[in-house]
1. Can you name the condition, by its number, that A:Gly67 falls short on among (1) away from DNA strand D (no atom under 16 Å from the Cβ); (2) within 22 Å of B:Arg32 (Cβ to Cβ); (3) more than 9 Å from chain B (Cβ to nearest Cβ)?
2. For segment A:62-90, enumerate the residues that are within 12 Å of DNA strand C (Cβ to nearest atom) and out of contact with any strand residue (DSSP E or B) (no Cβ under 9 Å at 6 or more places or on another chain).
3. Among the helices (runs of 4 or more DSSP H) confined wholly to segment A:1-76, which include 2 or more residues that are at pLDDT 90 or above and among the basic types (Lys, Arg)?
4. Taking the conditions exactly as written (within 16 Å of DNA strand D (Cβ to nearest atom), on the phi < 0 side of the Ramachandran plot and hydrophobic (A, V, I, L, M, F, W, C)), does B:Leu10 satisfy them or not?
5. Which condition number does A:Ile87 fail, the rest of (1) β-branched (Val, Ile, Thr); (2) touching a residue at least 24 places away in the same chain (Cβ under 8 Å); (3) over 18 Å from B:Leu94 (Cα atoms) being met?
6. Restricting attention to segment A:72-93, report how many residues are of a type in the set (A, V, I, L, M, F, W, C) and within 14 Å of another protein chain (Cβ to nearest Cβ).
7. Looking at (1) surrounded by fewer than 21 Cβ atoms within 10 Å (Cβ to Cβ); (2) over 29 Å from B:Met99 (Cα atoms); (3) touching a strand residue (DSSP E or B) at 6+ places or on another chain (Cβ under 7 Å), which is the only condition A:Ala46 fails?
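The values are calculated or read from the model by the stated rules, or taken from the named source; none is laboratory data. Treat the numbers as computed from the prediction; the structure is a model and nothing was measured. Methodologically, a virtual Cβ is constructed for each residue, glycine included, from the backbone with ideal geometry; neighbour enumeration extends over all protein chains shown.
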Number of protein chains: 2
Amino acid sequence: MQRPFVHPALEDITLESVLYALADPTRLAIIRKLASRGCPTNCQTAAPDNLPKSTQSHHYQVLREAGLIRSERRGTEVVNTLRCGEIDGKFPGLVPAIMKAASLSLPDCDGGKPAA
Amino acid sequence: MQRPFVHPALEDITLESVLYALADPTRLAIIRKLASRGCPTNCQTAAPDNLPKSTQSHHYQVLREAGLIRSERRGTEVVNTLRCGEIDGKFPGLVPAIMKAASLSLPDCDGGKPAA
DNA sequence: GCAATAGTTCGGCACTCTTGAACTAATGAA
DNA sequence: TTCATTAGTTCAAGAGTGCCGAACTATTGC
């Protein structure tokens with residue numbers, strides 16, 4: 001828990017890594033939950049129920065290294081925020097198209113309020 | 001070469017499998033080449049240069065089973081066509097957004113003419 | 001200090017990617 | 001028909017990666 005988080009610079013974010021990160025149903029669910037909140041959310045809250053912590057940690061790492069989320073420590077917890085704004089500057093419309101496709105084909109991620 | 005090709009029905013195509021298939025740089029390159037042609041293209045033509053045939057075959061199988069391409073035997077060769085029209089009916093804008101992001105961030109796939 | 005909470009790291013099994021080698025199928029020439 | 005060529009598939013194996021339980025670390029609060 002001591003190693004600092006590594007976030008790629010915008011120019012180092014690649015299309016492949018973004019698609020790879022979102023191709024996993026668990027990670028897609030996490031991103032959808034984060035999007036539906038629109039505010040920093042800690043790891044447990046955004047992850048699907050009953051997901052082992054080590055698996056959560058792994059998925060957050062993948063999402064972070066793909067450039068999709070930004071993680072910050074707050075006391076004992078880690079809060080995650082989407083970097084969709086940045087990514088949308090680099091790949092316009094990409095993440096929204098995937099989120100839209102997810103909402104069309106997948107069950108509601110959260111029952112939560114839609115992103116502001 | 002005798003087993004018939006299996007193509008999923010439109011309702012069996014999932015977002016995850018589409019994203020998974022496109023998350024691989026080799027497969028994304030194949031799809032981009034197919035899109036740039038806009039006509040049925042055989043396997044060797046659409047695959048990157050110097051890719052072993054067995055690897056090609058594997059990637060085409062993944063793309064086929066994800067529902068992204070349709071394959072048909074024509075004599076000794078197999079021609080592949082995109083199913084983007086069908087997929088766009090199910091996930092509107094998804095594949096175009098990925099293709100657009102690819103053209104923004106990746107080197108030109110082919111030097112070929114853009115899709116009609 | 002001790003317990004609880006929130007994540008991380010490690011080890012191992014399973015699955016995937018890639019490739020060479022061997023194989024099958026269709027075509028064309030002799 | 002036979003043979004060679006072309007195009008792609010199937011198999012097996014090594015390298016790499018993902019997922020999860022178990023053990024660990026760090027912070028908070030009593």
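1. (1)
2. Initial filter on segment A:62-90 (within 12 Å of DNA strand C (Cβ to nearest atom)): A:62-65, A:69, A:71-80.
If the condition is that a residue be within 12 Å of DNA strand C (Cβ to nearest atom) and out of contact with any strand residue (DSSP E or B) (no Cβ under 9 Å at 6 or more places or on another chain), then A:Val62, A:Glu65, A:Gly75, A:Thr76 are the ones that fit.
3. Details: elements: A:15-22, A:25-37, A:43-46, A:53-66.
Because the criterion is at least 2 residues that are at pLDDT 90 or above and among the basic types (Lys, Arg), the helices (runs of 4 or more DSSP H) in segment A:1-76 that meet it are A:25-37, A:53-66.
4. Numbers: within 16 Å of DNA strand D (Cβ to nearest atom): no; on the phi < 0 side of the Ramachandran plot: yes; hydrophobic (A, V, I, L, M, F, W, C): yes.
No.
5. (3)
6. Initial filter on segment A:72-93 (of a type in the set (A, V, I, L, M, F, W, C)): A:78-79, A:82, A:84, A:87, A:91.
Narrowing the set further to residues that are within 14 Å of another protein chain (Cβ to nearest Cβ) leaves A:84, A:87, A:91.
The qualifying residues number 3.
7. It fails just one condition, (1).
This table checks each residue for (1) more than 11 Å from the chain's Cα centre (by Cα); (2) in contact (Cβ under 8 Å) with a residue 60 or more places away in the chain.
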residue	(1), (2)
B:Phe5	yes, yes
B:Pro8	yes, no
B:Val18	no, yes
B:Pro48	yes, no
B:Leu51	yes, no
